[in-house]
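Asker: What follows is a single structure, and I will ask about it in a moment.
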Amino acid sequence: MPVGFGGQVLHVPDDRTGGFQVIWKPATKVVGVPYDTPVAGYRVNTVNTLRLWAARADQEFDFQLFNGGDYLRAVEAKNASEVISKVLYPNDSFEQGRELRLKQEYFFVACSIHDIVWRYSKQHKDFSRFSEKVAIQLNDTHPAVAIAELMRVLVDEHRMEWEEAWRQTVAAFGYTNHTLLPEALERWPVSLFQRLLPRHFEIVQEINRRFLREVMAFFPHSPSHVGRMSIISDGHGHEREVRMANLAVVGSHSINGVARLHTDLIKSHLLKDFCELYPERFNNKTNGVTLRRWLYECNPALSSLITETLGDDGWVTDHRRLAALEPAVDEAEFRSRVRAIKLENKLELSKLVFSLVKQRIDPHSIFDVQIKRLHEYKRQHLAALYAITLYLRAKRGENVHPRTFLFGAKAAPGYRRAKLIIKLIHSIADIINQDRRQSAVRVVFMPNYRVSLAERIIPAADLSEQISTAGMEASGTGNMKLAMNGALTIGTLDGANIEIREAVGEDNFFLFGLDADQVLARRRERYEGKSALEGHPLLAEALQLLRSGFFCPEERDIFAPLVDDLLGYDQYMVLGDFASYERVQDDVDKAYRAADEWTRKCAFNIARMGGFSSDRTIREYADEIWSVSPCVVPEPRDPALGGHSDHDPI
Ligand SMILES: *Cc1c(COP(=O)(O)O)cnc(C)c1O
């Protein structure tokens, strides 16, 4: 697929229609090469195609430059093209204004839109049934420029009327929002967008012009609505920007969040104005995870017990059958096998921990696990602070149940505070693990956290840390993986935690902390962390030790900025939630000692988490957004008979 960038847009009179024909003459072209990965269904005779694209130069190199002796410049254009598909930006929030990132987004979008339109056109003579046959789901705003690209292809290349092209576009697109963090919403400077995609900028302006007429008609006496809802910001002294979330919302018939609370907050805060204008577009699709990977594959011992208890392994493809485990929870034999499997998995993880970080950990200690990207809103530093206080209590001879804090996390390369929190966890681990005055508390930071490591940690977890500041985690999926493997959650009322707690039962979930409304109220009052120290000498002591360099003698001031920020106005409410967190962690300590009762709670988690299967989620997308119904999978053919499948993707 040829993909253009930059260049000129010509508006030439069209004798046939009496209007204008728009011709985009790109300055440079790149070739998109498809690579197909077959995705085999589980024990069915279907193979779907995942089509990915690589960027290739449209010319190997410039012979004129080469013959003139300028060998480096001769390959420059080739390198500039091919770098487009070479790197994945490792940030989890938006990378401010990076030209290569916008090039990537357009490159992948242009290839896929071209492919979709080409395939549709093979079977249809016009575009009147396009949105009936095609569904395009925007997975966050990263591919939102696809809305402008489809309009360009339909209007400029296929000469459709604007109104009909727009009807088909809006009916084909859906947008899934993944974050409420304002810094993660993509915005591109107009100068960059216009230089790279001059025709798309014109199209965005036209979409916006028509949209703002609608806004003015709907909110007739409110110029502030126009300012807030415009796809192109008016700058106010800053450079004007294209707001990709606004484009995604205006160009999609469905807008969804990924957990009930998240969708409610989108409707009441993030996209409130849009929800007033288009209430019928907004809906929720609570995330799920695949049981095939996150239970069946990663936890074979527990899977065998489930299969044996239910009589067959139908639960692997029908999550609703997990609920039939419920009666077994009351059988002592079942519980003792659940407990034995967890212990065996913890023993295996202990060996892995030793091989990776040369630290011995006790499989009978509480495996207290926090594994997720490192971000202040996820509050790894809240768990680290609790680990310090527990260490101080153990050192004083208090009877704390042995506990191993296991952390795994990567930080975005430029996120300095996140990297300081990783350093904090390593520093407290160094001091706590070698202090011979106590042996109850251990802290481990597992390097290179990734899916294959998650698959080893999750089956061995006792406690799942889901402690984000309420209102900030869109859904979470780690929370689901851990609960379905029989870890109990300690968590806030945030993201999917709320729905998990409803599913597994309040008694089988450790709830703490402020809720989303209370967090907003405290922010309005400019709550300061230092007020949490009153009546809490242990917390004050932990912070004092951190500040004084006790945990990092070689660089004693290193954590001072972190402590100072926690004591001042901290939007993440780490100290504001500490006392509640500590109280509930002490409940965990007590509950874990009642081993059989603890295991009952684990077993209820396993039996009641089936609803968080991604099969349920995907079916909801199919039914409620894409309007596609299941198709009958053809019987396996005898390979000896040869021939092609009806589902050949080409
Ligand atoms: C599931 C998963 C995540 C998401 O974890 P959250 O706790 O939901 O943020 C991140 N990284 C890896 C490797 C995962 O497997």
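The values are calculated or read from the model by the stated rules, or taken from the named source; none is laboratory data. Everything quoted here is computed from the prediction, not taken from an experiment. All Cβ positions, even for glycine, are placed from backbone atoms using ideal geometry, and neighbour counts span all protein chains on display.
Asker: Name every residue in region 79-127 that is surrounded by fewer than 17 Cβ atoms within 10 Å (Cβ to Cβ) and over 27 Å from the mean Cα position of the chain (by Cα), in order of residue number.
Answerer: Hits for region 79-127 are ASN79, ALA80, GLU82, TRP118, ARG119, TYR120, SER121, LYS122, GLN123, HIS124, LYS125, ASP126.
Asker: Could you identify the single residue in ILE231, ILE306 that is without any contact (Cβ under 8 Å) to a residue 40 or more places away in the chain and aliphatic (A, V, I, L, M)?
Answerer: Answer to the check: ILE231.
Asker: If you don't mind, another one. Given the conditions (1) outside any loop (DSSP other than H, G, I, E, B); (2) surrounded by fewer than 17 Cβ atoms within 10 Å (Cβ to Cβ); (3) more than 16 Å from the ligand (Cβ to nearest atom); (4) of a type outside the set (Lys, Arg), report the number of the one that ASP362 does not fulfil.
Answerer: Of the numbered conditions (1) outside any loop (DSSP other than H, G, I, E, B); (2) surrounded by fewer than 17 Cβ atoms within 10 Å (Cβ to Cβ); (3) more than 16 Å from the ligand (Cβ to nearest atom); (4) of a type outside the set (Lys, Arg), the odd one out for ASP362 is (1).
Asker: Name, by its number, the condition in (1) surrounded by fewer than 21 Cβ atoms within 10 Å (Cβ to Cβ); (2) farther than 28 Å from ALA603 by Cβ that does not hold for PHE334.
Answerer: (2)
Asker: A further question on this structure: With respect to ARG320, is the statement that it is surrounded by fewer than 16 Cβ atoms within 10 Å (Cβ to Cβ) and within 27 Å of the chain's Cα centre (by Cα) true? Even if it seems obvious, please write down each step before you answer.
Answerer: Working: surrounded by fewer than 16 Cβ atoms within 10 Å (Cβ to Cβ): yes; within 27 Å of the chain's Cα centre (by Cα): yes.
Yes: the conditions hold for ARG320.
Asker: From SER452, SER427, SER475, SER464, which residue is out of contact with any strand residue (DSSP E or B) (no Cβ under 7 Å at 6 or more places or on another chain), within 22 Å of ILE341 (Cα to Cα) and either at pLDDT 95 or above or aromatic (Phe, Trp, Tyr) (or both)?
Answerer: Just a single option satisfies the conditions, and that option is SER452.
Asker: Additional query: Against the conditions (1) more than 30 Å from ALA429 (Cβ to Cβ); (2) in the same structural domain as GLU465 (by TED's automatic domain parsing); (3) under 33 Å from the mean Cα position of the chain (by Cα), where does GLU597 fall short? Just the number, please.
Answerer: GLU597 satisfies all of (1) more than 30 Å from ALA429 (Cβ to Cβ); (2) in the same structural domain as GLU465 (by TED's automatic domain parsing); (3) under 33 Å from the mean Cα position of the chain (by Cα) except (3).
Asker: With respect to ARG526, determine if the residue is more than 24 Å from ARG293 (Cβ to Cβ), of a type outside the set (Val, Ile, Thr) and assigned to a loop (DSSP other than H, G, I, E, B).
Answerer: Here the answer is yes, as ARG526 does meet what is asked.
Asker: Further, regarding this structure: Pick from SER427, SER439: which is more than 21 Å from the chain's Cα centre (by Cα) and free of Cβ contacts under 8 Å to residues at least 60 places away in the same chain?
Answerer: Numbers: SER427 fails: free of Cβ contacts under 8 Å to residues at least 60 places away in the same chain.
None of the other options fit; the residue is SER439.
Asker: Would you say ARG129 is without any contact (Cβ under 8 Å) to a residue 12 or more places away in the chain and either in the same structural domain as ALA144 (by TED's automatic domain parsing) or touching a strand residue (DSSP E or B) at 6+ places or on another chain (Cβ under 6 Å) (or both)?
Answerer: So ARG129 fits the description; yes.
Rundown of residues vs (1) closer than 21 Å to MET609 by Cα; (2) within 16 Å of the ligand (Cβ to nearest atom); (3) buried (at least 19 other Cβ atoms within 10 Å of the Cβ), yes/no style:
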| site | (1), (2), (3) |
| --- | --- |
| ILE232 | no, no, yes |
| VAL258 | yes, yes, yes |
| ILE266 | no, no, yes |
| LEU271 | no, no, yes |
| VAL289 | yes, yes, yes |
| PRO300 | yes, no, no |
| ASP313 | yes, no, no |
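Asker: Next up: Might you check whether a residue that is farther than 28 Å from GLU541 by Cα, out of contact with any Pro (no Cβ under 9 Å at 6 or more places or on another chain) and within 15 Å of the ligand (Cβ to nearest atom) occurs anywhere in region 394-409?
Answerer: Taking region 394-409 and keeping what is farther than 28 Å from GLU541 by Cα, we get none.
No: region 394-409 contains no residue that is farther than 28 Å from GLU541 by Cα, out of contact with any Pro (no Cβ under 9 Å at 6 or more places or on another chain) and within 15 Å of the ligand (Cβ to nearest atom).
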